[in-house]
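**Student:** Handing you a structure now.
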Ligand code: SF4
């Protein structure tokens, strides 16, 4: 069997190039995209399809729910615990590599691309925290970083890897052109970097018992109201919100008007507050009480 590499794959340009840098050396590359209430694997799926490489989704919801309660390395600008999040993802990949016989784990991280989470020190810290520092290769910046075990063992040719750093995208665009890959638009990023979503999540985290994965998914939709110290109401703004709320509200109290089209309301918390939710739904449906 040849050399095998398993990559953390967002489906963005950098992760695509990282995969192709290894594939072009004859390495068997497989890709994995993480999914949780805060990010989806959709873009990774599409990117892997474009590259025609084997792909899997890894749901790391449980790890993220635990991590968000107390990230050892702290949060970024919003509720994004990027250092520990990355380390956790690489820990999972390292475990899979050990179980399934991969020789390398890799990512499309670029040194210096993000001031806090992707400077050289952070990349080293993430590698250390992951528990697999010797296996973790960053092909785009490899020549700037400490030599890894697969490079040392000659499983991957370090000379053919890159020394890209910083926020500029030119070297990546050039490589994308050489490889003939189409850049998939950014977007569908991590909600933990979105200030509006994080305002909602903070409220959920502050009410005992409400910080669950299901609720973290629900609050992606609709207007959100604090109905009391321990309860939240969500009211759809449009059809998309209503569909989103209805698809996720299985174990919740919901309310819609029977007599006319209007928003869907969802109650998270004390059932006694249903009248308040009904009032909100009526108000946004334009019904006078
Ligand atoms: S942006 Fe989100 S998914 Fe990416 S490392 Fe940070 S917390 Fe994790």
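**Student:** Can you tell me which residue is surrounded by the fewest Cβ atoms within 10 Å (Cβ to Cβ) among those in region 27-44 that are farther than 17 Å from residue 90 by Cα and away from the ligand (no atom under 16 Å from the Cβ)? Before you say what the answer is, go through the steps one by one.
**Tutor:** Taking region 27-44 and keeping what is farther than 17 Å from residue 90 by Cα, we get 27-28, 37-38, 40, 42-43.
Adding the requirement that they be away from the ligand (no atom under 16 Å from the Cβ) leaves 27-28.
On the way: 27: 21, 28: 17.
Selected residue: 28.
**Student:** Can I ask one more? Looking at 143, 174, which is the one that is out of contact with any helix residue (DSSP H, G or I) (no Cβ under 8 Å at 6 or more places or on another chain), more than 27 Å from residue 192 (Cβ to Cβ) and not in a loop (DSSP other than H, G, I, E, B)?
**Tutor:** 174
**Student:** If you don't mind, another one. Go through region 65-117 residue by residue and tally those that are part of a loop (DSSP other than H, G, I, E, B) and within 14 Å of the ligand (Cβ to nearest atom).
**Tutor:** 19
**Student:** Against the definition (under 22 Å from residue 20 (Cβ atoms), more than 14 Å from the chain's Cα centre (by Cα), assigned by TED's automatic domain parsing to the domain that holds residue 165 and within 13 Å of the ligand (Cβ to nearest atom)), how does residue 50 come out, yes or no?
**Tutor:** So residue 50 fails the test.
**Student:** Quick check on this structure: which one of 209, 214, 233 is out of contact with any strand residue (DSSP E or B) (no Cβ under 6 Å at 6 or more places or on another chain), at pLDDT 95 or above and not in a helix (DSSP H, G or I)?
**Tutor:** Details: 214 fails: not in a helix (DSSP H, G or I); 233 fails: out of contact with any strand residue (DSSP E or B) (no Cβ under 6 Å at 6 or more places or on another chain).
After ruling out the rest, the residue left standing is 209.
**Student:** Let me ask something additional. Could you list, in sequence order, the residues of region 45-86 that are surrounded by fewer than 17 Cβ atoms within 10 Å (Cβ to Cβ) and over 24 Å from residue 129 (Cα atoms)?
**Tutor:** Hits for region 45-86 are 46, 49, 50, 52, 54.
**Student:** Does residue 52 count as free of Cβ contacts under 8 Å to residues at least 12 places away in the same chain and at positive phi?
**Tutor:** Against the criterion (free of Cβ contacts under 8 Å to residues at least 12 places away in the same chain and at positive phi), residue 52 qualifies.
**Student:** Could you tell me whether residue 196 is in a helix (DSSP H, G or I), over 16 Å from the mean Cα position of the chain (by Cα) and either more than 16 Å from the ligand (Cβ to nearest atom) or more than 27 Å from residue 114 (Cα to Cα) (or both)?
**Tutor:** no
**Student:** Taking residue 107 as the residue in question, decide whether it is within 28 Å of residue 38 (Cα to Cα), crowded, with 18+ Cβ neighbours inside 10 Å and without any contact (Cβ under 8 Å) to a residue 60 or more places away in the chain.
**Tutor:** no
**Student:** Is one or more of the residues making up region 233-240 within 23 Å of the chain's Cα centre (by Cα) and free of Cβ contacts under 8 Å to residues at least 60 places away in the same chain?
**Tutor:** yes
The values are calculated or read from the model by the stated rules, or taken from the named source; none is laboratory data. Just so it is clear, the model here is predicted, and its values are computed rather than measured. Neighbour counts run over all protein chains shown; Cβ positions are idealised from the backbone, glycine included.
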